[in-house]
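Down below is the structure, laid out as structure tokens.
The values are calculated or read from the model by the stated rules, or taken from the named source; none is laboratory data. Since the structure is predicted, the reported quantities are computational estimates derived from the model, not experimental observations. All Cβ positions, glycine included, derive from the backbone under ideal geometry; neighbour counts span all protein chains shown.
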Amino acid sequence: MKKIVLSCVILVSAVVSSIAQVRYLDDIFTVGQIQKTTDVVYGQNFYFLNYAPAPSGTSSSNPQMADLQMDVYSPPGSDTAQMRPLVILCHTGSFLPRYVNGFPVGRKDDSTITELGYRFTQKGYVTAAINYRLGWNPLASSQVERTRQILNAVYRAIHDAQTAVRFFKKDAATTNTYKIDPNRIILIGQGSGGFISLAYNFLNDQVETTLPKFLDGLGNSVINTDLVGFVDGVGGTYNNYNHPGYSNQVQMVANYGGAMGDISWMNNFWPAVPVASLHCRKDVYAPIDSGNVVVPATGQVVVFVHGSRTVVKKAVQQGLNDIWVNNVFTDPYSVRAYTQNPAATCEGLFSFEIADIPSSTSQEAAPWEWWDSTLTTQQALSEGAVYALAVHQNGMGGNPNMSAAKGRAYCDTIVGFLTPRMYLVLTNPTLSVENQVEVDYDVYPNPATENMLVQVGQDNMIESIFVTDINGKTAMSITGIQSTVYTMNRFGLSSGTYFLNVKTINGNFVHKIILN
């Protein structure tokens, strides 16, 4: 369900201080104290095998249901905190398995993800590194098919991230195994995982998958909702909606080295979630501003995307990052960031200028990654790579002088830049349980042809629904509902875009719908 937060207080700005041993700012645990639980099952969904195109919107003619797994990093058992913020990490890997993708990275146990799992948990967070479903065909013969393949891969991965969020919110409401605060969750993506985190809050309306660049030769979206469901994770023959009744909402998104499918997704958002990004200025795989994503092996265009600087600028323009713009960060990472991109227009962005790139090349990417090159050949061959040596060389191509020391130094910057911004978001009084009213809801299917279901949580009740057209004119009013679920018939409304204005006993919400 979507979550609407109706704040009962005025946002109060605060300056982060450098007081020692402040939880969520400083390390309060050692690495040895962190409890890591591997391969935790957080849901099940259809996996698409073979990485070949068929049928439309999938990557295999024989999708199979299987577990979704994650590694969870928890503070020690002696920790007395009961409402701990949660960080969810999404790995890189070009939406293909490690080594099969031509690179030595692409799983939840990659070195960088593991490092950050420990780093954030040392500060008092619970951290989850998720594996998400992979599979697309980068060698498809047409750009339309490559676009179809990659957008569906990202779409499925977003559903998996939503599943992880709902898993933890369900856990908080039931067994409380992980002792997380369901109202303080941050999603962070690395590389292709950044495509997930940046789209997570902003790809929130099905019409956003019908942009011209996302249409097939027949004028239809490359996202087939009958097969893969809707943007909120509901529906679809080859999509399993796990943990219903819990919200997908997070409080902040961040990425390093990723991009957004289209900047127009940021024109229609709710709620106002701040965005932070770190990016190599000359990244060859995902542009810091805007450009085409290409297949590394062939140079063929996949889709035009918008990178970290474009996204953060838009976030600042729309006031999403006001909580940071209105504060003063004096830590060395922020000071360095401001020399490259002014805070007034780019607060939330750190751009890397890498000194060790050879003069013969202008590209750079993912300097935070590292791997054991002595094991790469054996592992790559066992996991399906044909040219094992090329895997290591490909990794080095955008990351010369790769080493654990170098990777950890870049992790210092990632954590150092994000931590004070995360802290301000998590200590924002509008996120306090005592100072908010929450409305959980679902509206589906959307788009719809006839009936549409409006549903709120069991502790709530729908009182009335007013439908307005895009000009604000009331097209329908339904009162006296007094139910948690209402099936709304279109009653002759013309095809087009409308807004549901729903009044509940716990508050109101507005949701855009499309009638076909």
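Brief remarks follow.
- The single condition from (1) surrounded by fewer than 24 Cβ atoms within 10 Å (Cβ to Cβ); (2) assigned to a loop (DSSP other than H, G, I, E, B); (3) hydroxyl-bearing (S, T, Y) that Y132 fails is (1).
- Members of region 208-263 found to be hydroxyl-bearing (S, T, Y), without any contact (Cβ under 8 Å) to a residue 12 or more places away in the chain and in contact with an Asp or Glu (Cβ under 9 Å, 6 or more places away or on another chain), listed by number: T237
- Residues of region 476-510 classified as modelled with pLDDT of 85 or more, closer than 21 Å to D205 by Cβ and of a type in the set (A, V, I, L, M, F, W, C), total: 2
- Count of residues meeting criterion [assigned to a helix (DSSP H, G or I), out of contact with any Cys (no Cβ under 7 Å at 6 or more places or on another chain) and either in contact (Cβ under 8 Å) with a residue 60 or more places away in the chain or under 25 Å from D412 (Cα atoms) (or both)] in region 302-321: 4
- No other residue among I196, I185 is within 27 Å of T37 (Cα to Cα) and touching a Cys at 6+ places or on another chain (Cβ under 6 Å) apart from I196.
- Any hit, region 107-114, residues being polar (S, T, N, Q), surrounded by fewer than 22 Cβ atoms within 10 Å (Cβ to Cβ) and in the same structural domain as Q35 (by TED's automatic domain parsing): yes
- Among the residues listed as G319, G307, G257, G261, the single one being surrounded by fewer than 17 Cβ atoms within 10 Å (Cβ to Cβ), in the same structural domain as M396 (by TED's automatic domain parsing) and not polar (S, T, N, Q): G319
- When S494 is tested against the conditions (1) over 29 Å from the mean Cα position of the chain (by Cα); (2) part of a strand (DSSP E or B); (3) surrounded by fewer than 17 Cβ atoms within 10 Å (Cβ to Cβ), the lone failure is (2).
- Test for V293: is it touching a residue at least 24 places away in the same chain (Cβ under 8 Å) and assigned to a strand (DSSP E or B): yes
- Qualifying residue in region 159-168 (condition: at pLDDT 95 or above, in a helix (DSSP H, G or I), within 19 Å of G43 (Cβ to Cβ) and touching a helix residue (DSSP H, G or I) at 6+ places or on another chain (Cβ under 7 Å)): yes
- Condition check for N460 on (1) assigned to a strand (DSSP E or B); (2) of a type outside the set (F, W, Y); (3) within 22 Å of N204 (Cβ to Cβ): one failure, at (1).
- Condition met for N240 (modelled with pLDDT of 90 or more, part of a loop (DSSP other than H, G, I, E, B) and surrounded by fewer than 18 Cβ atoms within 10 Å (Cβ to Cβ)): yes
- For A286, the conditions (1) surrounded by fewer than 19 Cβ atoms within 10 Å (Cβ to Cβ); (2) in a loop (DSSP other than H, G, I, E, B) all hold with the exception of (1).
- Hits in region 91-117 (condition: at pLDDT 85 or above, part of a loop (DSSP other than H, G, I, E, B) and hydrophobic (A, V, I, L, M, F, W, C)): F95, L96, V105
- F120 buried (at least 24 other Cβ atoms within 10 Å of the Cβ) and at pLDDT below 95: no
- Among the residues of region 1-51, the ones that are exposed (fewer than 12 other Cβ atoms within 10 Å of the Cβ), at pLDDT 90 or above and part of a loop (DSSP other than H, G, I, E, B) come to 1 in all.
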